[in-house]
Amino acid sequence: MGESGVPTIDLQGFPGQYEKLRRACEEWGCFRLVNHNISLALMADMKRVVRSLLDLPFDVKKRNLDVISGSGYMAPSQVNPLYEALGLYDMGSSQAVDTFCSQLDASPYQREVIEMYAKAIHGAAKDVARKLAESLGLSGDFFESWVCQFRINKYNFTPETIGSSGVQIHTDSGFLTILQDDENVGGLEVMNPSGVYVAVDPVPGTVLINLGDIAKAWSNGRLRNVQHRVQCKEATIRISIASFLLASSEEVEAPPELVDSEHPRLYVPFTYEDYRKLRLTTKLQAGEALELKRIKS
Ligand SMILES: O=C(O)CCC(=O)C(=O)O
Ligand SMILES: [Fe+2]
């Protein structure tokens, strides 16, 4: 099945893909990435490892504590009763990976897979972010020290839950997300450029890139923070692995090249930490919190 128009970007196709990448990010805020250099065997191994971690007893999973608010275990809740997730803040830190693995009694094999995956994904995220900046005519190592968080998601779908919500409408809060969506079980929907939700069908061997609120702020409003949700379409467990390239530890601010008299600066500089707190306290999950950071004209 086709993907209702979600653009596809070939990572091996540069420089030929810059224009397509820029348009995908401005108009959609998401795209399928093919030929992404992440080993398919590693993706499959990782999927098996995270499935077994998510199948652990509740008492073990809740040892996965928050490092920053919302980064640890999320149990099924009133808002998202079919959804639970384990999380790791700062996948670039071997100590953080180690703590995560110890909390969940991961085996040496599981640790190795998680470490290799973290390394591969963190590299890919920075590579995609760099190409995206280049597609806007910028060069420089903006993203070198940016932190990556990852979250592994499990949707407990049953025959009774078909048609109900798996995860509510939201934008991702960071710069970009590499999503290894379930290669068999659909349900993810993104808002297309006309404002209509369209199904993102699984494409084995690929990943989906979503842009979040920080991409919109950093680009002075040029890049789209795509709204998305997960719906229950099939009565089977769905697993996804989301890796979020968040932001630098300094304030988020559009580079001067993206600001001129026709494109005045839209947002006050802010830190990611501050913004994350704002999203949590206001419960504005779909990008609306960014409006609170807008420079009033
Ligand atoms: O499970 C999915 O496909 C999407 C998950 C998601 O949107 C997220 O973790 O932010
Ligand atoms: Fe998301």
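Readers should treat all values here as calculations from the given coordinates under stated rules, not as data from a laboratory. Remember, it's a predicted structure, so these values are computed and weren't measured experimentally. Reconstructed Cβ throughout: ideal geometry from the backbone, glycine too, with neighbour counts over all protein chains shown.
Annotations
- In this structure the amide hydrogen of Leu188, modeled in the peptide plane, comes within under 5 Å of the amide hydrogens of Val200, Gln231, none closer than 5 places in sequence on its chain.
- Euclidean distance of C-alpha centroids, the stretch 190-267 and the stretch 92-138, integer Å: 19 Å
- The residues neighbouring Gly287, those whose beta-carbon lies less than 14 Å from its own, together hold a net charge of +4 under the Lys/Arg +1, Asp/Glu -1 convention.
- Remark: the stretch 247-256, residue by residue, has Karplus-estimated 3J(HN,Hα) of 5, 7, 7, 7, 6, 7, 7, 5, x, x Hz, where x stands for each Gly or Pro and the curve is 6.51 cos²θ - 1.76 cosθ + 1.60 at θ = phi - 60°.
- Inter-label distance for Ala44 and Glu144, nm, one decimal - labels placed 7 Å from Cα along Cα-to-Cβ: 3.7 nm
- Net +/- balance of residues flanking Ile68 in space, Cβ distance below 11 Å, scoring K and R +1, D and E -1: -1
- Computed over the chain, the Cα gyration tensor eigenvalues convert (square root of 5λ each) into semi-axes of 29, 21, 20 Å, ordered from largest to smallest.
- Backbone phi angles across the stretch 67-78, fed through the Karplus curve with coefficients 6.51, -1.76 and 1.60 (θ = phi - 60°), yield HN-Hα couplings of 9, 10, 4, x, 8, x, 4, 10, 7, x, 10, 4 Hz in residue order; Gly and Pro are listed as x.
- For Tyr267, the residues whose modelled amide H falls within less than 5 Å of its own, excluding neighbours fewer than 5 places apart on the same chain, are Ile295.
- Between helix 272-282 and the chain: long-axis angle, C-alpha atoms, 0 to 90°, nearest 10: 70 degrees
- For Val207, residues with placed amide H under 5 Å, excluding near neighbours: Leu33
- Pairs exceeding 19 Å between alpha-carbon atoms, taken from Lys47/Lys154; Lys154/Lys277; Lys126/Lys154; Lys119/Lys277; Lys154/Lys233; Lys216/Lys293: Lys154/Lys277; Lys126/Lys154; Lys119/Lys277.
- Rounded to whole Hz, the Karplus (6.51, -1.76, 1.60) HN-Hα couplings of the stretch 99-115, x for glycine and proline: 4, 4, 5, 5, 4, 9, 6, 5, 6, x, 4, 4, 4, 4, 5, 4, 4
- Site-free segments of the chain were taken between trypsin sites (Lys or Arg not before Pro) in DSSP loops having at most 11 other Cβ atoms within 10 Å, sites themselves excluded; the longest one is 1-282.
- Check: the chain dipole with +1 on Lys, Arg Cβ and -1 on Asp, Glu Cβ, in debye: 420 debye
- Here the sum of -39500 (n - 2.57) over DSSP H runs of 4 or more residues, divided by the residues of the chain, equals -8000 deg cm²/dmol at 222 nm, to the nearest 500.
- Cβ-defined net charge surrounding Pro193, 11 Å radius [Lys, Arg +1; Asp, Glu -1]: 0
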